[in-house]
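Before any comments, here is the structure.
The values are calculated or read from the model by the stated rules, or taken from the named source; none is laboratory data. For clarity, every value in this text was computed on a predicted model and none was experimentally measured. A quick note on method: Cβ atoms are made from the backbone with ideal geometry, for glycine too, and the neighbour counts reach across all protein chains shown.
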Amino acid sequence: MSVTDLAQVAPSATGPALAVQGRSPWQLAWARLRKDKTAIISAVVIVLLVAFAVFAGVIAHLAGHGPNDQFHDTGLTVDGLPVGPGHHGFLLGTDNLGRDILVRVAYGARISLMVGVVSTLLATVAGVVIGLVAGYYRGAIDTALARFMDVVLAFPFLLFAIALVSVFHPSVAISIGVIAFFSWAAIGRIVRGQTLSLREKEFVEAAHSLGCSDLRIMFVDLLPNLVAPVIVLATLLIPTAIVFEATLSFLGLGVAPPTASWGGTISDSLSFYRVAWWFPLFPGIALLITTLAFNLLGDSVRDALDPTAQRALAQ
Amino acid sequence: MFRFIVRRSLFGLLVLWIVSVAVFVLFFITPSNVARTLGGKLATPATIALINHRLGLDRPLIAQYGHFVWRLLHGDLGYSYYNSAPVRQLLFSRLPITASLVFGAAIIWLVGGVAVGVLAARKPRSLADRGSTLFVLTGLSMPTFLLGLLFIYFLFFRLHLAGVDWFPAAGYIPLTQNPASWAQHLILPWLTLALVTAATYSRLTRSSLLEVLGEDYIRTARSKGLSEQAVVYKHGLRSALTPVVTQFGIDVGTLLGGAIVTEQIFGLGGVGQFSVQAVLTQDLPVIIGTVLLAAFFIVVGNLIVDVLYAVLDPRVRL
């Protein structure tokens, strides 16, 4: 007799019998996440940011200023310096070339979010696949792949990244590729460790004796058990990727000017911050809020998926 | 133990070799305009060919690589295209600046980060813990250049307007010239680099110490009647610091190759800023030299840390 039968045999005195349902770990995690206030706030902030980026064109249209339009008459003072927020219809002020900062921050959000998310996606896929293969096959394949990961992790990555970018000339695609290349090894190493311990479990042995192919065991049996830590790693990798992209743009090696990017705008502001505090402030705030939101969300996701784990942020 | 060191050193050499090949392939395979730039606008094709020949750029790639490795083994890092000086001299003259920046910041972030982490671990969920959490979060989310900019704006510009000139925003005074000025010019860069890194260390120390304080031997020490101070600092911290030491070696090694962003924003003419200049002017020998130097420091840092770890924890000596 199942629990549901019992419930129907003995109806409660307060009302009709309710069937008892077990909840899967995913549903439990989702319930925990929904109750977490920081998670909800960060998720809302991220959604707003994405909307801000997606509707950058609309914002530009409403403001009447394109992201690369320079307004030397209304956007610059008589001395050729940027005008402050609120003047002449520039909600957040202008930069040193008379361009609307609000619009440029909105378009910069597109670059940051796109590079951050896509490079994380690529790094995660590469890391998971290579980690799985290394951990599952062990032996020579594992040694070779593990050493490869160690070598990649030993590279002076910022230096090499800027060297790579300089050879191939800055662009969004190069930024994504470079960031993904230096991030996959961290995920790969952890996935490999988890796979090494998981493959000793009985269910893998059972699948093997049933005649399942290696590929099937890896992707149908092992992978679902890895999804939780991988999700946490990926969510926490996004802010690192965003900061990496901002740093590249700051050094002049991210997206090519005049395309708007947060790091590039902050870099341009270095000569003008004394007379134009709004110039570095707004892209800076945008960058900070984005990274904070993703970091908080990542920590909350980790808490939701495994509440017993050591928490960096005490609730 | 000796075999462990030898094995790790060999692996380090392998990494350095792979980096050298990667760097070489990257730069010598793509056609470069060096000869044309050096020759100037009015250079004839004959002049350009001559420059190419002098620089050895018209020989087969394998020959160039062989020549490159041969010189490397003799400690010769090449000759800069644009600075008219050997790369080695250019890099080594800038190394003290980077070293001053990194070691000064390292002391601050190690002491600060560990102190905050210990405080947070001793009283979980207290105000101190929540404060440290905020600190960790800000440090993790703040890019170095943003923090540097904030410091420059508030501690330099604003104070300057108020007539206080304690924290210069740029420049480097050598230690041998004037120790007080040396430190004064480095305060803001030290703080910038240290605060961002300290956040990671505080989180690492906190989680590591919390884990260690839950162990049985700590309970034994407490029940033996030892003071809380002795338990936490003498017994707990010793084991809790191993991952911190590991991370420290890696971080110092990585940064010695050039704390690029910090040097750029504070105008410190260290290895990092020099490498960015070289990249922007496509000065290949310098770029190769800096990448190899950085890789060297990372490998050495990793090696020292691995050996230290093996010394501290005999189970690691595989």
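Assorted remarks:
- Residue list for the range B:211-221, restricted to those being farther than 22 Å from B:L308 by Cα and surrounded by 15 or more Cβ atoms within 10 Å (Cβ to Cβ): B:L213, B:I218, B:A221
- Selected residue (only one of B:V299, B:V276, B:V252 is assigned to a helix (DSSP H, G or I), β-branched (V, I, T), closer than 29 Å to B:I152 by Cα and touching a residue at least 40 places away in the same chain (Cβ under 8 Å)): B:V252
- Taken over the range B:73-103, the residue count meeting the criterion of being part of a helix (DSSP H, G or I), over 12 Å from the mean Cα position of the chain (by Cα) and not aromatic (F, W, Y) is 10.
- So A:G64, is it exposed (fewer than 14 other Cβ atoms within 10 Å of the Cβ) and over 25 Å from A:L288 (Cβ atoms): yes
For every residue, the table says whether it meets (1) aliphatic (A, V, I, L, M); (2) at the interface with chain A (Cβ under 10 Å from one of its Cβ atoms); (3) closer than 22 Å to B:F27 by Cα; (4) surrounded by fewer than 22 Cβ atoms within 10 Å (Cβ to Cβ).
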residue: B:V245; (1), (2), (3), (4): yes, no, no, yes
residue: B:L268; (1), (2), (3), (4): yes, no, no, no
residue: B:V271; (1), (2), (3), (4): yes, yes, yes, no
residue: B:T281; (1), (2), (3), (4): no, yes, yes, yes
residue: B:L284; (1), (2), (3), (4): yes, yes, yes, no
residue: B:A295; (1), (2), (3), (4): yes, yes, yes, no
residue: B:L303; (1), (2), (3), (4): yes, no, no, yes
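- Answer residue from the range A:1-59, given it is in contact with a Leu (Cβ under 6 Å, 6 or more places away or on another chain) and of a type in the set (S, T, N, Q) and is modelled with the lowest pLDDT among those: A:T38
- Filtering the range A:205-262 to residues that are among the aromatic types (F, W, Y) and closer than 21 Å to B:L146 by Cα leaves A:F244, A:F250, A:W262.
- Residue that is nearest to the other protein chains (Cβ to nearest Cβ) [pool: residues in the range A:248-266 that are surrounded by 24 or more Cβ atoms within 10 Å (Cβ to Cβ) and hydroxyl-bearing (S, T, Y)]: A:S249
- 1 or more residues over 26 Å from the mean Cα position of the chain (by Cα), more than 10 Å from chain A (Cβ to nearest Cβ) and farther than 29 Å from B:T98 by Cβ: qualifying helices (runs of 4 or more DSSP H) within the range B:120-218: B:127-141, B:179-213
- Scanning the range B:115-151 for residues that are under 30 Å from B:E215 (Cβ atoms) and of a type in the set (A, V, I, L, M) returns B:A115, B:V116, B:V118, B:L119, B:A120, B:A121, B:L127, B:A128, B:L134, B:V136, B:L137, B:L140.
- The lone exception for B:I51 - which of (1) in a helix (DSSP H, G or I); (2) over 30 Å from the mean Cα position of the chain (by Cα); (3) surrounded by fewer than 13 Cβ atoms within 10 Å (Cβ to Cβ) it fails: (3)
- Evaluation of B:I260 against (1) more than 9 Å from chain A (Cβ to nearest Cβ); (2) crowded, with 24+ Cβ neighbours inside 10 Å (one fails), failing number: (1)
- Annotation note: Cβ proximity below 8 Å between a residue of the range B:8-29 that is within 9 Å of another protein chain (Cβ to nearest Cβ) and a residue that is polar (S, T, N, Q) and part of a helix (DSSP H, G or I) (sequence gap 6+ or interchain) occurs for B:G12/B:N302.
- Long-range neighbours under 8 Å by Cβ, at least six apart or interchain, first residue in a loop (DSSP other than H, G, I, E, B) within the range A:22-43, second not β-branched (V, I, T): A:R23/A:A31; A:D36/A:S300; A:D36/A:D303; A:D36/A:A304; A:D36/A:Q315
- Filtered by the rule that a residue be of a type in the set (A, V, I, L, M, F, W, C) and within 27 Å of the chain's Cα centre (by Cα), the range A:90-114 gives A:L92, A:I101, A:L102, A:V103, A:V105, A:A106, A:A109, A:I111, A:L113, A:M114.
- For the criterion of being among the hydrophobic types (A, V, I, L, M, F, W, C) and under 17 Å from A:V117 (Cα atoms), A:L270 fails.
- Hits in the range A:72-86 - residues which are outside any loop (DSSP other than H, G, I, E, B) and touching a helix residue (DSSP H, G or I) at 6+ places or on another chain (Cβ under 9 Å): A:P82
- Checking each residue in the range B:16-48 for being surrounded by 15 or more Cβ atoms within 10 Å (Cβ to Cβ) and at pLDDT 75 or above picks out B:L16, B:I18, B:V19, B:S20, B:A22, B:V23, B:F24, B:T47, B:I48.
- Criterion: farther than 27 Å from A:I289 by Cα and of a type outside the set (G, A, S) - qualifying residue of A:V128, A:V115, A:V103: A:V128
Residue by residue, here is whether (1) modelled with pLDDT of 90 or more; (2) out of contact with any helix residue (DSSP H, G or I) (no Cβ under 8 Å at 6 or more places or on another chain) holds:
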{"position": "A:T259", "(1), (2)": "no, no"}
{"position": "A:W262", "(1), (2)": "yes, no"}
{"position": "A:S271", "(1), (2)": "no, yes"}
{"position": "A:A276", "(1), (2)": "no, no"}
{"position": "A:P280", "(1), (2)": "no, no"}
{"position": "A:G284", "(1), (2)": "yes, no"}
{"position": "A:L287", "(1), (2)": "yes, no"}
{"position": "A:T291", "(1), (2)": "yes, no"}
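- The range A:31-61, residues that are loosely packed, with under 15 Cβ neighbours inside 10 Å and more than 16 Å from A:R104 (Cα to Cα): A:A31, A:R34, A:K35, A:K37, A:I40, A:I41, A:V44, A:V47, A:L48
- Single residue of B:L195, B:L204, B:L159 found to be buried (at least 16 other Cβ atoms within 10 Å of the Cβ), within 28 Å of A:P280 (Cα to Cα) and of a type in the set (A, V, I, L, M): B:L195
- Selection count, the range A:267-292, where residues are assigned to a loop (DSSP other than H, G, I, E, B), away from every other protein chain (no Cβ under 11 Å) and of a type in the set (D, E, K, R): 0
- Evaluating B:L57 against the criteria (1) outside any loop (DSSP other than H, G, I, E, B); (2) without any contact (Cβ under 8 Å) to a residue 40 or more places away in the chain leaves one unmet condition, (1).
- Number of the condition not met by B:G113 [criteria: (1) facing chain A (nearest Cβ under 9 Å); (2) crowded, with 22+ Cβ neighbours inside 10 Å; (3) touching a residue at least 60 places away in the same chain (Cβ under 8 Å); (4) not aliphatic (A, V, I, L, M)]: (1)
- Test: A:I231 is surrounded by fewer than 21 Cβ atoms within 10 Å (Cβ to Cβ) and at pLDDT 90 or above: no
- Hey, A:N295 touching a residue at least 12 places away in the same chain (Cβ under 8 Å) and away from chain B (no Cβ under 11 Å) or not: no
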